[in-house]
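Heads up, the thing below is written out as C-alpha cells.
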Amino acid sequence: MRRWPLIILGSFLLFACGKSRVTPIAGQYPYFKLNVWLSQESKRLQLEGSAVERHLQTDGEQGVAATDSLNWEDWFKPLAECDLSKPAFHGFYQVDTLLFGDTMNVQYSALKPDALVRQLSISFIRGNPVGIDATKEVENLLYSSRSEIRYRKDSLYQVSHWQRTRFFDDHYFRAQYHVGRKP
C-alpha cells in the first residue's frame, strides 16, 4: 500500500516531463537570418541618409523627439533580439508559410509558452523582405512585459513596450519612426 503514492508521483513526473519536451517540426530549416538582414538594412538606411521623424509616447505623454543619431543598428536592437536562426531555437517554433502571387508571409509561432519571442512574421515581395512583425513577452514573479515591434521597409519602424511590475507602477513606452527619403 505504501508504494501507491510513489507510483502515482512517479507517473505524474514522467507525464509532466514528457509534456514539456518539444520535438522539431519537419521543414523548419532554414530560418530567416534576421540579424544579417537588419545589419544590411541599417547600413542601407545610413548610406541613403533617410529622413526620420520620431514620435515618442511614455506613460501617456506624447511628443515629437529630435533624432540625435541615425544609428539604425542601435534602433534595431529590440528587433534583432527576435532572430530565431540560432540552432538553439530550431524546433521550438511552428513555421507557417502563406503564398499569394508575388507575396509570401512566413510566420513563426512559439510552441513553448515561456519562449521570449512569441511570434515573428516576415513578409516578402518577390523574395525580398518588406515587413517584419514581432511579439516578445516575459512573465516572472516580479514583472510581466510585452513588446510589439513592427518594421515596414522605407516607411515605418515602431516599438511598443508595456511593463507591469509587482511592486511599482505600470509603464508604457512607444517609439515610432517614420522613414522617408530626404528631399
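The values are calculated or read from the model by the stated rules, or taken from the named source; none is laboratory data. Quantities reported herein were computed from a predicted structural model and do not represent experimental measurements. Please note: Cβ atoms are built from the backbone with ideal geometry, for glycine as well, and neighbour counts cover all protein chains shown. Please note that ligands, DNA and RNA were not included when accessible areas were found on the heavy atoms of the full protein model with its side chains. Shrake-Rupley method; radii C 1.70, N 1.55, O 1.52, S 1.80 Å.
Taking only the alpha carbons of segment 81-129, we obtain Rg and Dmax values of 11.8, 35 Å in that order.
Across segment 49-106, the volume of the C-alpha convex hull divided among the residues equals 205 Å³ per residue.
Using a 1.4 Å probe over the heavy atoms of the protein chains, calculate the carbon and sulfur portion of the accessible area of segment 107-164 as a whole percent. Roughly 49 percent, rounded to a whole number. Each distinct pair of alpha carbons in segment 76-164 adds a 1/r term; the inverse of their mean, the Kirkwood radius, is 13.9 Å.
Starting from the Cα of SER85, step 7 Å toward the Cβ, then list every residue of segment 37-56 with an amide N under 14 Å from that point. Under 14 Å, as judged by backbone N against the label point of SER85, lie 37-42 of segment 37-56. Projected label points at ALA65 and ASP114, each 7 Å from Cα along the beta carbon direction, are separated by 3.3 nanometres.
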